[in-house]
Structure formats: structure tokens, C-alpha cells
Amino acid sequence: MSRKQDRLLEEYKEAVHGVIFTQVSVGECLRGGKVRGEHRFIDGVRLLGIRALTDRLKKFGANKDEFKKKAKDKKVEAIEVHEYLNRHVIGQAIVGKVMLEMDYGVYAAAPVVVCRVGDKALEQVCAKLGVKVWIPKRA
């Protein structure tokens, strides 16, 4: 993620609170029947119903075992971050949701797009698809 995306995810965490792990690895990358060394990541995964002991985002790599233990059988949010709401980031959130459920045994994952700039037509699509869109309020 870029620094802009990191800041946007921080803003989301401040608004909703809770524990958010960043750059969560999901899904083996298979091409032509062969496993490739490439990794897929979800920008953030928020564990619902768990209190944060710190205000910091947790990096998945250093906290992988903790994530696996705490996420199993829990409700989570699969968070994708982008400056602008677009079809690509919506798709990432939906695919991330399903991969989290398959890879980590979470009870349910809700797709969330965190963005700075919305799009009214795509926000309506997200509402129909069950994708939460979060845009920071302007002062």
C-alpha cells in the first residue's frame, strides 16, 4: 500500500476502532496448474467484537499466528483501500472476503472499500452487493 492508502486506513481505524491487521496474505497464486511465488494480499482485515489494546495497525507478517488464532470463527471485515471508488477495488474487496473465509475459517467476512472519493453510481452497486463503502467526512 502507498502512504496515502496507509493514512486512509488509519483514518478508518480511528473512526471504527478495533483491531486491524494489514497486508493479510490470502490464496495461493496458481497459473497453468503450477503454484507461483506470487502473493495476494488484502489491505486490511478488521476483527469485529475484539477490543484493540493499541491504536496502531498490526502488520500481518509479524503477527500471523495471532491473526489466525483470533480470526478463526469470528466475523471480520475484508478491507480494500483506494483513493477513488472504482470497479477494480470493489472486486478486490469481494474476492478478499471469499478468500478470507476459505483460508482462515472466519465465520463471515464483510467486504469494505475505504476510499477518499466516491462515485454515486458505484455506491449504489455496492449497496446491492453488500459492500460497505467508507469515505471520511470533510470538516
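The values are calculated or read from the model by the stated rules, or taken from the named source; none is laboratory data. Keep in mind that what you see is a predicted model, and the values were worked out from it rather than measured. Glycine gets a Cβ as well: all are built from the backbone with ideal geometry, and neighbour counts include every protein chain shown.
Side notes on the structure shown:
- Search result, residues across the range 104-118 that are in contact with a helix residue (DSSP H, G or I) (Cβ under 9 Å, 6 or more places away or on another chain) and either under 13 Å from Gly44 (Cα atoms) or not in a helix (DSSP H, G or I) (or both): Gly105, Val106, Tyr107, Ala108, Ala109, Ala110, Pro111, Val112, Val113, Val114, Cys115, Arg116
- When residues of the range 61-103 are limited to those that are touching a helix residue (DSSP H, G or I) at 6+ places or on another chain (Cβ under 8 Å) and assigned to a strand (DSSP E or B), the one farthest from Trp134 (Cα to Cα): Val76
- Candidates Gly61, Gly130, Gly49, filtered to the one that is touching a strand residue (DSSP E or B) at 6+ places or on another chain (Cβ under 8 Å), modelled with pLDDT under 95 and at positive phi: Gly49
- Those residues of the range 84-103 which are surrounded by 17 or more Cβ atoms within 10 Å (Cβ to Cβ), free of Cβ contacts under 8 Å to residues at least 60 places away in the same chain, within 18 Å of Leu47 (Cα to Cα) and not hydrophobic (A, V, I, L, M, F, W, C), in sequence order: Lys97
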